[in-house]
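As structure tokens, the structure follows; a few thoughts come after it.
The values are calculated or read from the model by the stated rules, or taken from the named source; none is laboratory data. These numbers were taken from a predicted model, which means no experiment stands behind them. In this analysis, Cβ positions are derived from the backbone assuming ideal geometry, glycine residues included, and neighbour counts consider all displayed protein chains. Surface accessibility is based on the protein's heavy atoms, side chains included, excluding ligands, DNA and RNA. Shrake-Rupley method; radii C 1.70, N 1.55, O 1.52, S 1.80 Å.
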Amino acid sequence: MNTEVFANTKIGQTFIRIMAAIMESRFRYRFFGPMKILQGTEIRPGQKVMEVGCGTGFFTIPTARFIGDQGCLVAMDLLPISVETVAKKVQTANLKNVRVVKGDALNTQLEAESMDAVMIFGVIPAPMLPMDRLLIEMHRILKPGGTMAVWPPSWVHKSILQSGLFTYSGKRNKVINYTRC
């Protein structure tokens with residue numbers, strides 16, 4: 001069963017509501033504040049950034065503010081409910097530098113070498129994101145020397161390095177950063 005089909009079932013909708021409540025909990029903001037995690041990335045003001053799996057927008061609004069009006073954030077999620085939720089938050093925050101997109105991270109349909117940075121926060125490991133295909137697509141959309149930030153660090157570190165598409169560039173605030181080869 002694919003993710004979109006599951007999301008349209010009663011069980012899937014219940015699961016999404018529970019996960020959204022967890023993702024937006026005070027506990028998460030207190031102990032895993034989005035700005036602290038963003039400060040662990042190599043993302044800089046003015047950059048074009050892609051957020052894989054924007055979910056409830058926990059990182060979207062802080063990232064958009066961090067990169068500023070000269071930057072551009074593409075917040076992508078496969079689930080329509082996530083896209084709707086984040087689009088409303090972006091509109092309420094009156095942010096003009098965010099484009100919220102319903103899409104698949106394995107085939108973003110973004111232009112090749114169009115992004116300065118990619119954020120993959122809280123999305124992997126996920127069974128619907130085969131690492132080999134995800135890494136190929138992230139490599140394709142990143143500019144030469146572009147960065148990819150992964151949080152939380154997990155078992156994927158080894159597979160990212162073995163892909164030969166990225167090199168390790170450091171770890172800060174529990175965020176692992178890679179540079180496109």
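Among the residues of region 86-103, how many are open to solvent by 60 Å² or more (accessible area, probe 1.4 Å) and farther than 10 Å from residue 76 by Cα?
6
So how many residues does region 45-58 have that are free of Cβ contacts under 8 Å to residues at least 60 places away in the same chain and either in contact with a strand residue (DSSP E or B) (Cβ under 6 Å, 6 or more places away or on another chain) or open to solvent by 30 Å² or more (accessible area, probe 1.4 Å) (or both)?
Residues in region 45-58 being free of Cβ contacts under 8 Å to residues at least 60 places away in the same chain and either in contact with a strand residue (DSSP E or B) (Cβ under 6 Å, 6 or more places away or on another chain) or open to solvent by 30 Å² or more (accessible area, probe 1.4 Å) (or both): 3 in total.
If you scan region 144-165, which residues turn out to be part of a strand (DSSP E or B) and within 17 Å of the chain's Cα centre (by Cα)?
Within region 144-165, 146, 147, 148, 149, 150, 151 meet the criteria.
Could you list, in sequence order, all residues of region 143-170 that are in contact with a strand residue (DSSP E or B) (Cβ under 6 Å, 6 or more places away or on another chain), small (Gly, Ala, Ser) and farther than 16 Å from residue 116 by Cα?
170
Would you check if residue 137 is open to solvent by 30 Å² or more (accessible area, probe 1.4 Å) and either modelled with pLDDT of 95 or more or part of a strand (DSSP E or B) (or both)?
no
Residues in region 160-181 that are loosely packed, with under 13 Cβ neighbours inside 10 Å and farther than 23 Å from residue 34 by Cα: how many?
4
Within the set of pairs 6+ apart or on separate chains, which have a first residue in region 59-79 that is under 12 Å from residue 117 (Cα atoms), a second that is small (Gly, Ala, Ser) and in a strand (DSSP E or B), and C-beta atoms under 9 Å apart?
Cβ pairs passing all conditions: 63/75; 67/117.
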